[in-house]
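Novice: Here's a structure for you.
The values are calculated or read from the model by the stated rules, or taken from the named source; none is laboratory data. Treat the numbers as computed from the prediction; the structure is a model and nothing was measured. Neighbour counts are summed over all protein chains in view; Cβ atoms, including those assigned to glycine, are modelled from backbone coordinates with ideal geometry.
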């Protein structure tokens, strides 16, 4: 009975609050302001800003939207859990902890979804890297500057690495030095391969070393790394393909092979 009354109050109090303040201010706008304020004050213990920046959503507005979505979905999950678990059981010692745990799982699931997106984007950038670096090498070898070569790649491709080149070109046009923007790209994309490429390109640019030779060396290394990744993925796929063969197909084959013999032995024994 107490839980039913609590659920009723949970629905009545927000409605009464909206009715009271509805004539003075817009309740939805006020709720949005409060939500953004709380999201702005929330602590970033899981490096959320860094991960959002890696997927191209590093500004403050994207951070607030993600936090509002995370808290909103978690609160909605808790409310739905209270209703569902109340219908299942009348014990408050079960309903409240179960609902809170369900909301916490939703909070963690949204965070894991972002981490999965970051990892997928990083893998796609590493897969695109050999082709992009070869295009960059050919453009610079043809006589273009690194800036114009990056701009050409950014305009002719819609890959994630080309979008990073767009950011680099845009920052250079605002007056930021090229080595600084490249270093920021290396810190933004958490990839060892991209970090080595950026360090080598920055060093070659500052010291006046031949950029084509540096890029050609990195193109060969990138192709070798891509080949190793493909071989590793093929090995994992081979192991995963063996699991149904060993645990499903092979036992059934053995059973079909031994079943007639076992049947005949039972007939002779009887």
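Novice: Please work out which one of (1) over 16 Å from residue 145 (Cα atoms); (2) in contact (Cβ under 8 Å) with a residue 12 or more places away in the chain is the condition residue 220 fails and give its number.
Specialist: (2)
Novice: Does at least one position in segment 126-145 carry a residue that is buried (at least 19 other Cβ atoms within 10 Å of the Cβ), under 14 Å from residue 54 (Cα atoms) and at pLDDT below 85?
Specialist: Checked against the condition, which is being buried (at least 19 other Cβ atoms within 10 Å of the Cβ), under 14 Å from residue 54 (Cα atoms) and at pLDDT below 85, segment 126-145 yields at least one hit.
Novice: Could you please find all residues in segment 128-163 being part of a helix (DSSP H, G or I) and farther than 20 Å from residue 217 by Cβ?
Specialist: Pass one, segment 128-163, residues part of a helix (DSSP H, G or I): 128-141, 146-156, 160-163.
Of everything in segment 128-163, those that are part of a helix (DSSP H, G or I) and farther than 20 Å from residue 217 by Cβ turn out to be 147, 148, 151, 152, 154, 155, 156, 160, 162, 163.
Novice: Of all residues in segment 90-104, which are exposed (fewer than 15 other Cβ atoms within 10 Å of the Cβ) and touching a helix residue (DSSP H, G or I) at 6+ places or on another chain (Cβ under 6 Å)? Spell out how you get there, then give the answer.
Specialist: Residues of segment 90-104 that are exposed (fewer than 15 other Cβ atoms within 10 Å of the Cβ), as a first pass: 90-94, 97, 101, 104.
Of everything in segment 90-104, just one residue is exposed (fewer than 15 other Cβ atoms within 10 Å of the Cβ) and touching a helix residue (DSSP H, G or I) at 6+ places or on another chain (Cβ under 6 Å), namely 92.
Novice: For segment 105-129, how many residues meet the condition of being in contact with a helix residue (DSSP H, G or I) (Cβ under 7 Å, 6 or more places away or on another chain), closer than 30 Å to residue 79 by Cβ and without any contact (Cβ under 8 Å) to a residue 60 or more places away in the chain?
Specialist: Within segment 105-129, residues that are in contact with a helix residue (DSSP H, G or I) (Cβ under 7 Å, 6 or more places away or on another chain), closer than 30 Å to residue 79 by Cβ and without any contact (Cβ under 8 Å) to a residue 60 or more places away in the chain number 3.
Novice: For segment 184-214, name all the residues that are more than 27 Å from residue 119 (Cβ to Cβ) and part of a helix (DSSP H, G or I). Lay out the reasoning, then the answer.
Specialist: Filtering segment 184-214 down to residues more than 27 Å from residue 119 (Cβ to Cβ) leaves 203-214.
Hits for segment 184-214 are 203, 204, 205, 206, 207, 211, 212, 213, 214.
Novice: Let me ask you something else. How many residues are free of Cβ contacts under 8 Å to residues at least 24 places away in the same chain and assigned to a loop (DSSP other than H, G, I, E, B) when one looks only at segment 59-92?
Specialist: 3
Novice: Which residues, counting only those in segment 146-159, are crowded, with 19+ Cβ neighbours inside 10 Å and either free of Cβ contacts under 8 Å to residues at least 40 places away in the same chain or within 15 Å of residue 125 (Cβ to Cβ) (or both)? Steps first, please.
Specialist: Going residue by residue through segment 146-159, those that are crowded, with 19+ Cβ neighbours inside 10 Å are 146, 149-151, 153-154.
Passing the criteria: 149, 150, 151, 153, 154.
Novice: Same structure again: If you go through segment 168-183, how many residues are part of a helix (DSSP H, G or I) and surrounded by fewer than 17 Cβ atoms within 10 Å (Cβ to Cβ)? If you could, list the steps in order and put the result at the bottom.
Specialist: Within segment 168-183, the subset part of a helix (DSSP H, G or I) is 168-173, 178-183.
From the residues that got through so far, the ones that are surrounded by fewer than 17 Cβ atoms within 10 Å (Cβ to Cβ) too are 170, 173, 179-180, 183.
Count: 5.
Novice: So, one more: Determine if segment 202-221 includes at least one residue that is within 26 Å of the chain's Cα centre (by Cα) and within 12 Å of residue 168 (Cβ to Cβ). Quick ask: steps written out before the conclusion?
Specialist: If we filter segment 202-221 for residues that are within 26 Å of the chain's Cα centre (by Cα), which is where we start, we get none.
Within segment 202-221 (the criterion being within 26 Å of the chain's Cα centre (by Cα) and within 12 Å of residue 168 (Cβ to Cβ)), the answer is no, since none of the residues qualifies.
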